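Down below is the structure, laid out as structure tokens.
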Amino acid sequence: MGGLSITTLRRPSERRLAVEAAVLDFARRHPDWGQARVAEAVGSEIGLKVSAAGVRWIWQRHQLETAAKRAAALRAHAGEQPLDPPQREALARIEARRGGAAGGEMPVLARQHLLSVAAREFSRKGYARTSIRGIANAAGMQPASVYYHFGSKEDLFVAAHTAGMQEVSVSIEKAVAACTDPWERLEAACIVHIRHLISGNDLTVWTGASLFLFTSPDIQRQLRTERDRFEAIYRRLIAALPLAPDLDRSLLRLQLLGALNWTRTWYRPGKRSPEQIARHLMRLLRKGAHACVPDRV
């Protein structure tokens, strides 16, 4: 679609052809995307309006109305032009979803895909305005397939939030295990935390951003176990720091988590790296405790 100028498309017929070309282009680039996501992408990236139903109509005209058919068409043309990594990953997700329908258990790749899509939809629309049907459309599957594995929207929300927190927790624990100095361990945790927040990974970005934003008592209760487990990492790291006896470590932990999670709001690529941001935070903390610990060179 490179070089397309929307201003040159004056006639309705020209716009229809341009929309169709864009939809087919996305079918080749992202065969696992659902019709709602393709419609949104055509509008945001190409500047042309098309509804989700319009995308499906175009797919049907070209026998591409299912992810399996789009995958088959992509493989048929793979000999003419090698598939790039995102296309290969998309085909793997489609195969995983098909395997899940046949075997009864949702494969890891398919579950990860569904949870990532759910996180993106919850992040964009908010919990109340997000529906299982909308998530299913964006994930390229039927609502019944989602309900087979998750009994309700609330169950899916909790599962997505839990998966995101677990992914970040595992990464932090791995980074911390490679350090021995307590300040270096906390700095390593902060670096990984920030990386996940700005990574573009729908699951972990949304989890960090929504950590304290949902006030439903029932949802909060369901999230509390995983959230407490995540915060326990920072509780342990901060407990190991050589700080002044009168310093409130619980308050320090909450302030540090607030500063880390807010990074997603103001961060802009190309200015400060996660390492630089984390080291700046550590420098501020250590300045406050300099009476007990000399500054690290």
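The values are calculated or read from the model by the stated rules, or taken from the named source; none is laboratory data. Everything numeric here is computed off the predicted structure, so don't read it as measured data. Note: ideal-geometry Cβ built from the backbone for every residue, glycine included; neighbour counts use all protein chains shown.
Exactly one residue out of 118, 175 is assigned by TED's automatic domain parsing to the domain that holds residue 66 and aliphatic (A, V, I, L, M), and it is 118. Just a yes or no: is a residue in the range 137-151 modelled with pLDDT of 80 or more, in contact with an Asp or Glu (Cβ under 9 Å, 6 or more places away or on another chain), buried (at least 17 other Cβ atoms within 10 Å of the Cβ) and within 30 Å of residue 217 (Cβ to Cβ)? Yes, the range 137-151 contains a residue that is modelled with pLDDT of 80 or more, in contact with an Asp or Glu (Cβ under 9 Å, 6 or more places away or on another chain), buried (at least 17 other Cβ atoms within 10 Å of the Cβ) and within 30 Å of residue 217 (Cβ to Cβ). Counting the residues of the range 164-190 that are among the hydrophobic types (A, V, I, L, M, F, W, C), within 30 Å of residue 131 (Cα to Cα) and touching an Asp or Glu at 6+ places or on another chain (Cβ under 9 Å) gives 1. Every test in (1) over 29 Å from residue 116 (Cα atoms); (2) assigned to a helix (DSSP H, G or I); (3) among the hydrophobic types (A, V, I, L, M, F, W, C); (4) at pLDDT below 80 is passed by residue 291 save one, and that test is (2). Checked against (1) over 21 Å from the mean Cα position of the chain (by Cα); (2) touching a residue at least 40 places away in the same chain (Cβ under 8 Å), residue 36 passes all but a single condition, namely (1). Quick one: residue 128 ticks every box in (1) assigned to a helix (DSSP H, G or I); (2) assigned by TED's automatic domain parsing to the domain that holds residue 93 except a single one, so which number is it? Evaluating residue 128 over (1) assigned to a helix (DSSP H, G or I); (2) assigned by TED's automatic domain parsing to the domain that holds residue 93 leaves (1) as the failure. Residues that are at pLDDT 90 or above, of a type outside the set (Phe, Trp, Tyr) and either in contact with a helix residue (DSSP H, G or I) (Cβ under 7 Å, 6 or more places away or on another chain) or outside any helix (DSSP H, G or I) (or both) do not occur anywhere in the range 208-220. In this structure, residue 242 does not satisfy being modelled with pLDDT of 85 or more, touching a Leu at 6+ places or on another chain (Cβ under 9 Å) and assigned by TED's automatic domain parsing to the domain that holds residue 170. Scanning the range 43-76 for residues being more than 13 Å from residue 20 (Cα to Cα), out of contact with any helix residue (DSSP H, G or I) (no Cβ under 6 Å at 6 or more places or on another chain), in a helix (DSSP H, G or I) and not aliphatic (A, V, I, L, M) gives a total of 4.
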